[in-house]
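Each reported figure results from applying straightforward, stated rules to the coordinates on display, with no laboratory input. Only a predicted model underlies this, so the values are computations on that prediction, with no experimental measurement involved. Here Cβ is always computed from backbone atoms with ideal geometry, including for glycine, and neighbour counts include all displayed protein chains.
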Amino acid sequence: ELDPSQFSRNSAKLSEAVKQLDSSAMIFGPSLSGVGACVDLNGSFFSDNGFAGYYLRNMRESGEAAGVRLLDVFDTHFYTSATDRSGNSILNTSGSSADTYRLQAPRALWDETYIEDSALYSAYGEYMPFIPYLKNVIDEYYPGTKFSFSEYSFGGGDNISGCIAETDALGIFAENGVYLACLMPDDDSSFQCAALSLFRNYDGNGSRFGNELLYSDNGGDSMSSCYAAQHNGDNSEITLILTNKNARDNKQFTIELDSSTRYETAEEYTITGDSPRITRIADTLTAEGNSFSLTMPPRTVSLLVIHGRKTKSSDSSGSESDISSGDTETTSRSGTESETISNAADLTIEIQTETATQTTAAVTETEPVTVTVPETTVTLPPETEPVTALTAKQPTIFDKDSGKVLPAPLKIVISILIIWCFGMMTVILFIKK
């Protein structure tokens, strides 16, 4: 059985020994198993500040006595605890129900309106979402400490739902300043890896999602998400990632850019449920007056590379051509217009979607701060509010009977109606007897 006091003392001693050998070494700890371990070591430790607060305070006090910071990165794990309609964990399950719940599961990291029907939320719901909890406990007990997820997964590596969930996880990590995150892949992780490639090598030639993240907001649409970035302060190229989580319906995105910089063309790289290969859509998107539109098929992830007026479009012919990469190919999509985002200096981006919901997304620029996520560097606006992309207007919960996301009060009403109907049926049967 773990002795928290002895564990903290040993951690401090080991860290101090490492720092004496190499003062630049980064110390990660304590690599806890998840939310329950952070709060109370899964039921074996009880303290007002939880085990995470206890550990951070002891490491801070030991560091102050030693005259050196003894913990650089607070490390933990996060595996989704969400279940499908039958109560099975979605982590190792695929299928229509599991995939539907997986698409929303990353909201447990950041969204206070998200309520999950799981053992995690039943036992530790007051500490969710997880990232704001971690930030708060770090700020209180050891300010300046970074945080990381040395293991995480939302499952679904063999299908598009896993790709979309991984896309959201990476975007959420960037927006919230996660220092490092390491995916624990499924046996078949092809779609999870496709999401990683979309951020780090979307064209097979090393091209990446920008390293300076722009604040983005899709107005609360839980069936889409958006993440935007630029490269090293360069306004001539913007990258924008969009997802359509609808199982059957296309989603029409309309982007209005309020900027002194004019963007005229964009290229689209996409992943669909047919294959984990990243496909280059040959049709170059064009804009009119900084306004773009794009139709995305059901359950799709797309990355748009948006070029300013002075940037030459890489392919305006509209013909099919193979990109020199084993992981990327080019096809043509008829009826597709354009999709764009804007410049870093003077920028507001509004995204509206049509289909199941109406969304607005805004991207604004602020002075960036660089942080590190797994093998990449991204830039975040300082002191922005936790992710507002995907924000719902009121608390929501998955209803396993209907398979839909419902406002929490509505679920209560539905439950009452079901009980009432059952009671009426019982009365009728009794009368008949």
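Sorting 212-224, 275-287, 152-164, 58-70 by their mean Cβ neighbour count within 10 Å, with the most densely packed peptide first, gives 152-164, 212-224, 275-287, 58-70. One compactness figure for region 44-175 is 1.19, namely its Cα radius of gyration divided by 2.2 N^0.38 Å.
Multiplying the residue separation of Ser86 and Asp188 by 0.36 nm and subtracting their alpha-carbon distance yields 34.4 nm.
Taking other residues whose beta carbon is less than 13 angstrom from the beta carbon of Pro298, and scoring Lys, Arg as +1 and Asp, Glu as -1, yields +1.
In terms of the mean number of neighbouring beta-carbon atoms within 10 Å, the peptides 242-255, 15-28 order highest first as 242-255, 15-28.
Peptides 140-146, 299-305 ranked from most to least packed, by the mean per-residue count of other Cβ atoms within 10 Å: 299-305, 140-146. Among residues other than Ser94 with Cβ under 9 Å from its Cβ, the summed charge is -1 (Lys and Arg +1, Asp and Glu -1).
Checked against a 28 Å cut-off, the cross-linked pairs Lys146/Lys245; Lys13/Lys146; Lys135/Lys251 give Cα-Cα distances beyond that limit for Lys146/Lys245; Lys135/Lys251.
Label separation (Ser24 vs Thr286): 5.2 nm, computed from points 7 Å beyond Cα along the C-beta direction. Phi angles of region 185-200 translate, via the Karplus equation with coefficients 6.51, -1.76, 1.60 and θ = phi - 60°, into HN-Hα couplings of x, 6, 4, 10, 10, 4, 6, 5, 5, 4, 5, 4, 5, 4, 7, 10 Hz per residue; Gly and Pro are given as x.
Taking every C-alpha pair closer than 8 Å and separated by at least 6 residues, the mean separation divided by the residue count of region 55-107 gives a relative contact order of 22 percent.
Taking a point 7 Å out from the Cα of Arg262 in the direction of its Cβ, the residues of region 271-306 whose backbone N falls within less than 14 Å of it are 287-291. How much FRET efficiency would the formula 1/(1 + (r/R0)^6) give for Asn232 and Ser5, where r is the Cβ-Cβ distance and R0 is 45 Å, rounded to 0.05? Efficiency at R0 = 45 Å is approximately 0.45. Taking 0.36 nm per residue of separation and subtracting the Cα-Cα distance, full extension of the segment from Glu64 to Ser275 would add 70.6 nm.
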